[in-house]
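A.B. asks: Below are the structure tokens for one structure; questions will follow.
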Amino acid sequence: MKKLFSILFFLISTTLLSHGQNIPYLNSSTFNAGETIRYKLKYGFITAAEATIQVTTTDIKFNNKPTYHLTAQGVTSGTFDMFYKVRNRYDSYIDQKTFTPYLYTENIREARYTRNDKVRFYQSEQKVIAKKGTFKSPVSQTFDLVSAYYFARNLDLSNVKQGDLFTLNYFLDDEVTPLTIEYIGKEVLKTNLGSIRCLKFSPSIKPGRIFRKDSKLYLWVTDDGNRIPVRAQAEILVGSIIMEIESANGLKQPLALAR
């Protein structure tokens, strides 16, 4: 169970990213300051945890450039909270125009496992500095757990085709790692917010303590101008885990509800 919540939250972060050294992005943001989205993580029929992600305004600048302050928080709930308590918080400060991160912090409390880190990104120099040292990146767009989610929402998906593969480089657990994502197709998904038109993706996985060799991960993202994940599903060693959207407030555009 160690770091399980962190891994599941990363599923909603890896929405979609493109090929190449520099990933193209939109000129205007798909989100506003004040946006708040909540999710529930279910193991079988049991609600195991809740997650909240939000955008807030901040006066903090890097290189004299304004930033968005992104926050993601996760806590266990119900009976899970009694025997495996999780209190996780992740913060990221991203450029308001390029959506790449300058600073990332994490405060993880999962049962007896704890981790605190402060990470500084130097995109033009292709390096990341964290508590355990300096790490080189093969690209000039490297992301953290939270910024990957918001950057991905600002990509143009109009020409994506079934079977297309995409790659993102992210920094997690003291290493820069590439992630491959396959576009599966379009589906209409029933949620607490109604039936929503979605794009479906399948991120790659690393078998190990949580995932089987043949485990599959799936991610559904709204097929509209918001591009918010509404469901993430992962097969694990025993059973499966699903993260589903519960509420979305302060969105820049209406959700793509099916008629």
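The values are calculated or read from the model by the stated rules, or taken from the named source; none is laboratory data. Just so it is clear, the structure is predicted and the values come from calculations on it, not from any experiment. Quick reminder, even Gly has a Cβ in these numbers, built from the backbone with ideal geometry, and neighbours come from all protein chains shown.
A.B. asks: Being part of a strand (DSSP E or B), surrounded by 13 or more Cβ atoms within 10 Å (Cβ to Cβ), modelled with pLDDT under 90 and among the small types (Gly, Ala, Ser) narrows it down to one residue among 140, 215, 195, 202; which is it?
C.D. replies: Numbers: 140 fails: part of a strand (DSSP E or B); 215 fails: part of a strand (DSSP E or B); 195 fails: modelled with pLDDT under 90.
The conditions single out 202.
A.B. asks: Going by the structure shown, is residue 117 out of contact with any Pro (no Cβ under 9 Å at 6 or more places or on another chain), assigned to a strand (DSSP E or B) and under 15 Å from residue 170 (Cβ atoms)?
C.D. replies: Judged against the criteria, residue 117 is a match.
This table checks each residue for (1) over 21 Å from the mean Cα position of the chain (by Cα); (2) within 23 Å of residue 250 (Cβ to Cβ); (3) of a type outside the set (Lys, Arg).
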site: 65; (1), (2), (3): yes, no, no
site: 70; (1), (2), (3): no, yes, yes
site: 73; (1), (2), (3): no, yes, yes
site: 86; (1), (2), (3): no, no, yes
site: 96; (1), (2), (3): no, yes, yes
site: 128; (1), (2), (3): no, no, yes
site: 131; (1), (2), (3): yes, no, no
site: 136; (1), (2), (3): yes, no, no
site: 140; (1), (2), (3): no, no, yes
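A.B. asks: If you don't mind, another one. Suppose we filter segment 153-177 for residues that are under 25 Å from residue 116 (Cα atoms) and either in contact with a helix residue (DSSP H, G or I) (Cβ under 9 Å, 6 or more places away or on another chain) or touching a residue at least 12 places away in the same chain (Cβ under 8 Å) (or both); how many remain?
C.D. replies: Qualifying residue count, segment 153-177: 9.
A.B. asks: Of all strands (runs of 3 or more DSSP E) completely enclosed by segment 1-97, which ones contain at least 2 residues that are at pLDDT 95 or above and touching a Pro at 6+ places or on another chain (Cβ under 7 Å)?
C.D. replies: Once the strands (runs of 3 or more DSSP E) in segment 1-97 are filtered for at least 2 residues that are at pLDDT 95 or above and touching a Pro at 6+ places or on another chain (Cβ under 7 Å), what remains is 87-95.
A.B. asks: Tell me which of these residue 149 doesn't satisfy, since it passes every other one: (1) modelled with pLDDT of 90 or more; (2) hydroxyl-bearing (Ser, Thr, Tyr); (3) closer than 27 Å to residue 241 by Cα; (4) touching a helix residue (DSSP H, G or I) at 6+ places or on another chain (Cβ under 8 Å).
C.D. replies: Just one mismatch for residue 149, condition (1).
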